[in-house]
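Q: Here it is, the structure in full.
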Amino acid sequence: MDIKKIEKIVSLCKRRGFIFQSSEIYGGLASTWDYGPLGVEMKRKIKNDWWHNIVTSRDNVVGMDAAILMHPKTWEASGHVENFHDPLVDCKHCKTRYRADHIDLDKPCERCGVKDWTEPRQFNLMFKTAIGPVEDSEEIAYLRPETAQGIFVNFSNVQATSRQKLPFGIAQIGKAFRNEITTGNFLFRTREFEQMELEFFVYPEETGKWLEYWCAERVEWFKQLGITAGKLRLRPHGADELAHYSSACYDVEYEFPFGWSELEGIADRGTFDLDQHNKTSGKKQTYFDPVSNRHIVPAVVEASAGVDRAFLTCLVDAYNEEEVRGEKRVVLKLSPKVAPITCAVFPLVNKAGQPEKALKIVKDIRQEFSAFYDAGGSIGRRYRRQDEAGTPFGVTVDHQTMEDDTVTLRDRDTMEQVRIPADQIRRALRERLSK
Ligand code: ATP
C-alpha cells in the first residue's frame, strides 16, 4: 500500500493552505494541526452536510451545543474517571511508548528491534485542568473526551423544551480532547479533535432495530460525501473491544493507506448513561411515556463520528496523480459538496477588459456558490493550482467573451471544456452539483 500517499497529502495540504502544523514557527506541537483557508471551508462543508443530514432534514432530531468544561461529577458518573484508560507499555531499551493493545508484546520493538517491555500500565486519557486561580482537588475539571455527556446531562431540558417523543435524537458537533498515548497518521489520531455525535433515545426493547437503522444511514452518508463505496465497510466489535458502556457496537471503517481504520462508532449504549446521571445527580433524567403512563429511562443508540477523520478520508479518497500530455497532474477529485471552492474564474489575459468581466462573474457566482478569482501565471498553471485545491469547475474569460458574452466552463476531472453563455454559469453549476 502507498504509505507515501499520506506524506504527499500532508505536503499538498500545506502547499495549498488546507492544513498547517500548529505553532510551526516554534517548531510545531506534535500531532496538532491548524486548518488554513481551504481547510476551514472544507471542514465547515462536511459539518454542515452532517448537520443537515442528521438534524435539519429530520423531524425527530434536535441539536444542541454544550460547554466543553463540565462539572467533574459528570465524568465520575459516566465512568470516564474510572474506566477511560488505555494500556501503555514502554520499550525499556529505546524508551518508545506504545498502546499495548496496538502491538504484539511477544515481538520486539519495531523501532529498535529489542524485546524488553515494561509491564502494561493503565493511563487515563482525560486532560485535567484547574478552574480558578488556586489549584486544589476541589477545582479540578476535565476537557471533555467526548461531546456525548453534554447531551445526556441535558436530556430532560431538551426533551421538555422540544416536546419530542420517543424515539428522538439530540445531536451536537464540538471539540473533544484525549491525551492519546500514541498519535499520528496526520489528522487520524490527535489529542484535540472534533466530533459529530448523535444520541438517539429509544424504548429499551427497540435498540437492535435502531442500531441497524443508524448503521445503514451512516454508511450512506459517507458514500454521498463522495467516498468510494468499496473502501467503506461496517465492522462489528468483538466482545473484548466493547467500551464500558456498550453492549453492541459497529465501526464504520475506511481503507486508508495505513489499513482499515475507524471513522465512526455506532453503539448501543443502553440506559447506562442516563441511569448513571440519575444515580449520581439525584435529578431525574427520565421520560414520561404517554403510552404506558410511566416514567422510564430511555436507551440510547449513539452514532459518533470524527470531523477530522471524515476530512482526512475525503482527502485520501480524492487524491490522484495522473499523466496529462507527458506531465504529472495532481488532482483532488473532491465531491463538489465538500470542495472548498466550487468555481474558479480566470481572465485569459490581464487586459482588454477581461479581468473586469471575470470579476463581475465571480460576484455573480458568489450569490450562490464559493468562487475564486485568479489572474496569476499561465492559464495552465492556474488550472493546476485549482486541480490541487480540488476545485471542480473553472470558468475562463477570453477574447470571444468580450464579443459574444460566452465563457468556457472546464470540468476538473475530465478536463473537458464547454462554451456557455456567461449568464448561464450559475444554472450550469446548479445542474452539475445536483448530479
Ligand atoms: P480509537 O479506537 O481509534 O481510539 P475510539 O473507538 O476510542 O477510537 P470513539 O470513542 O468511538 O473512538 O470516538 C468516536 C469517534 O471520534 C471516532 O470514530 C473518531 O472518528 C473520533 N476520534 C476519537 N478519537 C480521536 C482522536 N484521537 N483523533 C481524531 N478523532 C478521534
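The values are calculated or read from the model by the stated rules, or taken from the named source; none is laboratory data. These numbers come from a predicted model, not from an experiment. Quick reminder, even Gly has a Cβ in these numbers, built from the backbone with ideal geometry, and neighbours come from all protein chains shown.
Q: Those residues that are outside any helix (DSSP H, G or I) and among the charged types (D, E, K, R), I need them from the stretch 1-58; list them, please.
A: Listed by number, the residues that qualify are Asp2, Asp34, Arg58.
Q: Something else: For the stretch 191-236, which residues satisfy the criterion of being closer than 26 Å to Val297 by Cα, within 16 Å of the ligand (Cβ to nearest atom), outside any strand (DSSP E or B) and not aromatic (Phe, Trp, Tyr)?
A: Correct list: Leu211, Cys215, Glu217, Arg218.
Q: Where in the stretch 296-364 are there strands (runs of 3 or more DSSP E), lying wholly inside it, with at least 2 residues that are at pLDDT 95 or above and surrounded by 16 or more Cβ atoms within 10 Å (Cβ to Cβ)?
A: Because the criterion is at least 2 residues that are at pLDDT 95 or above and surrounded by 16 or more Cβ atoms within 10 Å (Cβ to Cβ), the strands (runs of 3 or more DSSP E) in the stretch 296-364 that meet it are 299-306, 327-332, 343-347.
Q: Here's a follow-up. Scan the stretch 249-265 for residues that are surrounded by 14 or more Cβ atoms within 10 Å (Cβ to Cβ), within 13 Å of the ligand (Cβ to nearest atom) and either aliphatic (A, V, I, L, M) or in contact (Cβ under 8 Å) with a residue 60 or more places away in the chain (or both) and report the count.
A: Of the residues in the stretch 249-265, 6 are surrounded by 14 or more Cβ atoms within 10 Å (Cβ to Cβ), within 13 Å of the ligand (Cβ to nearest atom) and either aliphatic (A, V, I, L, M) or in contact (Cβ under 8 Å) with a residue 60 or more places away in the chain (or both).
Q: Another question about this same structure. Among the residues in the stretch 170-188, are any in the same structural domain as Leu211 (by TED's automatic domain parsing), away from the ligand (no atom under 16 Å from the Cβ), within 17 Å of Ala305 (Cβ to Cβ) and touching a Phe, Trp or Tyr at 6+ places or on another chain (Cβ under 9 Å)?
A: yes
Q: Can you tell me which residue in the stretch 83-103 is surrounded by the most Cβ atoms within 10 Å (Cβ to Cβ), limited to those that are more than 29 Å from Glu146 (Cβ to Cβ) and either within 16 Å of the ligand (Cβ to nearest atom) or without any contact (Cβ under 8 Å) to a residue 24 or more places away in the chain (or both)?
A: So, considering only residues that are more than 29 Å from Glu146 (Cβ to Cβ) and either within 16 Å of the ligand (Cβ to nearest atom) or without any contact (Cβ under 8 Å) to a residue 24 or more places away in the chain (or both), the one surrounded by the most Cβ atoms within 10 Å (Cβ to Cβ) is His93.
Q: May I ask you to list the residues in the stretch 48-61 that are buried (at least 17 other Cβ atoms within 10 Å of the Cβ) and either of a type outside the set (A, V, I, L, M, F, W, C) or in contact with a helix residue (DSSP H, G or I) (Cβ under 6 Å, 6 or more places away or on another chain) (or both)?
A: The answer is Asp49, Asn53, Val61.
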